[in-house]
Amino acid sequence: MLRPTRVCLFTSLMLVGLLPLGCNNGGPRRFTLQQSQLRAQQLYQQNKALAMERDGFGATAGQLAADKAALEQQYLAAKQSLDAANARLDNLASSNSELEDRMKTLLTSNKPGNNPLSPDSNRRLDELRRKYKDFDFDPQTGVSKFSTDLLFASGSDEVQPKAKQVLDEFAQIMNQGDARNLKVLVSGHTDDKAVTHRNTAERHHDNMGLSAHRALSVMRALRKSGIGESRMGISGYGPHQPVESNSNESSRQKNRRVEIYVLAPDANVASAWDPELR
C-alpha cells in the first residue's frame, strides 16, 4: 500500500506532465484563428480600398464622357465656323476675280493710241510734266504718275503740303474742256521693303494697305481740288507691280508711285472701297 506522500507526489507529477500537453493542443488553434482574423481584416480593408478606387474610376469615366461630349460640341461649332469662313473666302475670291477682270479691262483700254484725252489736255499735262520733276505723263496712254516721295513722307499716307500745287493743277486740267467728263482711277504702289516702323504698322499692316491708303488720300486731295467723287475710283497694288527690279534705292524710288489712269466717260471705275478706309 502506497503512502499518502507518494500518492500526492505522483499525482503532482502527472498534472505537471499533462499541463504542457494542454498548452500545446490549444496554442496552434488559437494562433491559426488569430491569423485568419487578421487576414480577413486585411482582405476587408483591401476590398474597401478597391471599392473606393472603383467609385473614383466611375466618377472619372463620367467626367471624361462629359468632357468628350463638350469637345464634340466644340468641334461641330468650329467646323461650322470653318465651313462658313471657307464659303466667305470662296465668295471673296470670286469677287476679287471679277474685280481683277474689270481692272484689266480698264487698264488695257489705256494702250498707246487709246488715250481719251483731247490734244489740248495732253499738251497741258505734258507741260505739267516738264514743270514738276516728280510728275510724269505718258501722252500715248494718258497715264499720269506721281512719285510718292513728292506726295508723302516715308511711311505716311498724308499728302504733303508741297504736293498740293501739282495736284491742284492736275485737277484744273481734268475739270476743263472734254476732260471734265472723263473718269479717273488712282492706283497706289510701293517698293518691296516690308512695313517695319511701328507707327506705320499701326495704321498700315502691310504694303497693300499702305498703297491703298495713299491712293485714297490722293483721291480725297483731288476731290478737294474740284474733281467729283463719282468720277473717281482707287486701287492698291503694294509692291506687286514694280516698274523696276527693286535692286537699288533708285529703282525702289521709281516703284514708290501713285498712278492716275484717265478713262472714257462710259467706263465703270473699279473702286477698291473699304469701310475701314473711310
Ala40-Thr60 FRET efficiency (beta carbon distance; Förster radius 45 Å; 0.05 resolution): 0.90
Area accessible to solvent at Met52, 1.4 Å probe radius, in Å²: 130 Å²
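Report in % the part of the accessible area of the range 166-249 that belongs to carbon and sulfur, leaving out ligands and nucleic acids; probe 1.4 Å. Intermediate results must be reported in sequence, preceding the final value.
Working: 1720 of 3870 Å².
On the range 166-249, the fraction of accessible area on carbon and sulfur atoms equals 45 percent.
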Accessible area in square angstrom per residue, the range 137-278, 1.4 angstrom probe: 47 Å²
Entries in Lys224/Lys254; Lys131/Lys164; Lys164/Lys193 that, when Cα-Cα distance is taken, lie over 25 Å: Lys224/Lys254; Lys164/Lys193
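The values are calculated or read from the model by the stated rules, or taken from the named source; none is laboratory data. Model, not experiment: these values are computed from the prediction. Note: ideal-geometry Cβ built from the backbone for every residue, glycine included; neighbour counts use all protein chains shown. SASA here: full protein model, heavy atoms, side chains in, ligands and nucleic acids out. Shrake-Rupley method; radii C 1.70, N 1.55, O 1.52, S 1.80 Å.
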